[in-house]
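Inspection log for the structure reproduced underneath, given as structure tokens.
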Amino acid sequence: LGGRITHAIHQMRNVTIIDEKALNECLNEITRALLQSDVSFSLVKEMQTNIKKIVNLQDLAAGHNKRRIIEQAIFGELCKMLDPGKPAFAPKKAKPSVVMFVGLQGAGKTTTCTKYAYYHQKNGYKPALVCADTFRAGAFDQLKQNATKANIPFYGSYTESDPVKIAVEGVDRFEKENCDLIIVDTSGRHKQEASLFEEMRQVAEATKPDLVIFVMDSSIGQAAFDQAQAFRQGVAVGAVIITKMDGHAKGGGALSAVAATKSPVIFIGTGEHMDQFEVFDVKPFVNRLLGMGDLSGLVDKLQEVVPKDQQAELLEKISKGYFSMRMMYDQYQSFLNSGPLNQLYSMLPGVSAQMMPEGESEAKIKRYMTTMDSMTNEELDSSNPSKAFNESRIMRIARGSGKIVREVMEMLEEYKRMAKTFSNMKGLKMLKNGDKSSN
Ligand code: GDP
Ligand code: MG
């Protein structure tokens, strides 16, 4: 996907006058890419229409950076689609809340229940787990094992076959024990059978959950919208968790789940372990969505343009979200000479859209570079230079480079903006794989 989008935008970069035709070609290419990434057809259509509205070519005064406007419009539209406009219910400490998990069998409910409980336990809550899955053999053992590992109280039964009865008993017990986050795990079925929805409705009716979380496997592809909608019709879904984001799925189904449930994604699952669980953050997610496809190409590119003995180090830095002033300097140099690093960084998710200073003026880049020439090696190589830049350093750099303080500050702001983009790269799995293969 990222490859296609980056390519489409690159094409636009080469067109000096962006007309209706060029814009349409770019949008069509992006449409195909988003569809391949499991974003639903109707959402893609909607995005296309919105972007055309935003990028009104006639209204753009000459001199505006149209490519940048298009890039930002795409980014902004995808972010907007992930925002249903209302936050999910947030449990409060010391006040009992009931949270019920629903989703198909194998979606990751039981695993995610524990992750969710563990996450809140670390943040000072007193969670408890209730196993209302009497359908699948071994369901209670699985929950029990997870809960024990995380030291979280649990409730369930090997003999009782009525999920409603267990759910009510569990919730009652933990309310009495002053737990503030009572999590009810329910059973799923292979398909969206009527009995699944009936059971789900009954459990919800009996336990009156403050929040129902719909758990969705990221690899279900275009089925996301219908599945999410079916659950939403059965029970009042208020939040979504997308699992198995560590796999090959690009995560486009998240947009469908939000649209179908009108609820926000609150977490993503990134592995089988308890702590492989991340708070959902829209911008890095969209960055990944837009750039995912590029990463394998990135490793090839890296091997082509970076000396062999430096490959592993650079990859390691990028996958840690590390970005130094020197990397910014090298990137500028490469940009000015159309060098290979420029191509390399343009393949990183989200970077191509944000890499260059607004306006992309060469004069500005050169000014920033002159400023950086007055910095020490230590400042250039630090992984967190922003912290080190106190007033006296800024004055010293301004004096040394013959610049005024405001210009030094502006360069530092630009650095921070780029560093933030790089920090979104943290933990990207394919980068880590690439790291291994280059050893
Ligand atoms: P349930 O039927 O909905 O309760 O699903 P389970 O919690 O039993 O999970 C089904 C399988 O998916 C198990 O093997 C889990 O270890 C696995 N799983 C769940 N979440 C994730 C995830 O985020 N990443 C990966 N790789 N596996 C997951
Ligand atoms: Mg389960």
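Computed from the coordinates by the stated procedures, all read-outs in this text should not be read as laboratory data. Everything quoted here is computed from the prediction, not taken from an experiment. Heads up, the Cβs are rebuilt from the backbone with ideal geometry, glycines too, and the neighbour counts pull from every protein chain shown.
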Any residue on another chain or 5+ positions along whose placed amide H is under 5 Å from the amide H of residue 239 is listed here as 212, 214
Report ³J(HN,Hα) in whole Hz for each residue of the stretch 134-149, in order, from the Karplus equation J = 6.51 cos²θ - 1.76 cosθ + 1.60 where θ = phi - 60°; Gly and Pro get x. 10, 7, 8, 5, x, 4, 5, 4, 4, 5, 4, 4, 4, 5, 4, 4
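Would you mind calculating the gained length between residue 208 and residue 282 on full extension (0.36 nm times residue separation, minus the Cα-Cα distance), in nm to one decimal? Mind showing how you got there, number by number?
On the way: separation 74, 0.36 × 74 = 26.64 nm, distance 2.95 nm.
Gain in length upon complete extension: 23.7 nm.
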Length gained when the stretch residue 72-residue 391 is fully extended (0.36 nm per residue, less Cα-Cα span): 111.5 nm
³J(HN,Hα), Karplus 6.51/-1.76/1.60, whole Hz, each residue of the stretch 405-410, x for Gly, Pro: 4, 4, 5, 5, 4, 5
Residue by residue, what Karplus-based ³J(HN,Hα) values in Hz, rounded to whole numbers, does the stretch 77-86 have, using 6.51, -1.76 and 1.60 with θ = phi - 60° and x for Gly and Pro? 5, 5, 4, 4, 5, 8, 10, x, x, 9
Formal net charge of residues neighbouring residue 227 (Cβ-Cβ distance under 11 Å; K, R +1; D, E -1): 0
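Please work out the FRET efficiency for the pair residue 201 and residue 177, using the Cβ-Cβ distance as r and a Förster radius of 22 Å; give the result to the nearest 0.05. Mind showing how you got there, number by number?
Numbers: r = 27 Å, r/R0 = 1.23.
E(calc), rounded to 0.05, equals 0.20.
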Need one number: nm distance between label points at residue 273 and residue 54, each 7 Å from Cα along Cα→Cβ, rounded to one decimal. 3.8
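State the extension gain, in nm to one decimal, for the chain segment bounded by residue 312 and residue 233, taking 0.36 nm per residue of separation less the distance between their alpha-carbons. Don't jump to the answer; show the numbers that get you there.
Working: separation 79, 0.36 × 79 = 28.44 nm, distance 4.98 nm.
Taking residue 312 through residue 233 to full extension adds about 23.5 nm, to one decimal.
Sort 180-188, 314-322 for me by packing, meaning the mean count of neighbouring Cβ atoms within 10 Å per residue, highest on top.
On the way: 180-188: 27.0, 314-322: 18.3.
In decreasing order of mean packing, 180-188, 314-322 become 180-188, 314-322.
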Name the trypsin sites (Lys or Arg not before Pro) in the stretch 100-146 that are in a loop by DSSP and that have at most 16 other C-beta atoms within 10 Å, would you? 136
What order do you get for 243-251, 98-106, 275-283 when each peptide is scored by the mean count of other beta carbon atoms within 10 Å, highest first? 98-106, 243-251, 275-283
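Estimate the FRET efficiency between residue 95 and residue 32 by the formula 1/(1 + (r/R0)^6), using the beta-carbon distance for r and 60 Å for R0, to the nearest 0.05.
Working: r = 49 Å, r/R0 = 0.81.
Computed FRET efficiency for residue 95 and residue 32 comes out at 0.80.
Would you mind counting up the charge near residue 244? Only other residues with Cβ under 11 Å from its Cβ, with Lys and Arg at +1 and Asp and Glu at -1. Each step should come with its number before you reach the end.
Numbers: positive: none; negative: 217, 246, 272.
So the environment of residue 244 carries a net charge of -3.
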Can you compute the modelled spin-label distance between residue 135 and residue 377, with each label point 7 Å from Cα toward Cβ, in nm? 6.4
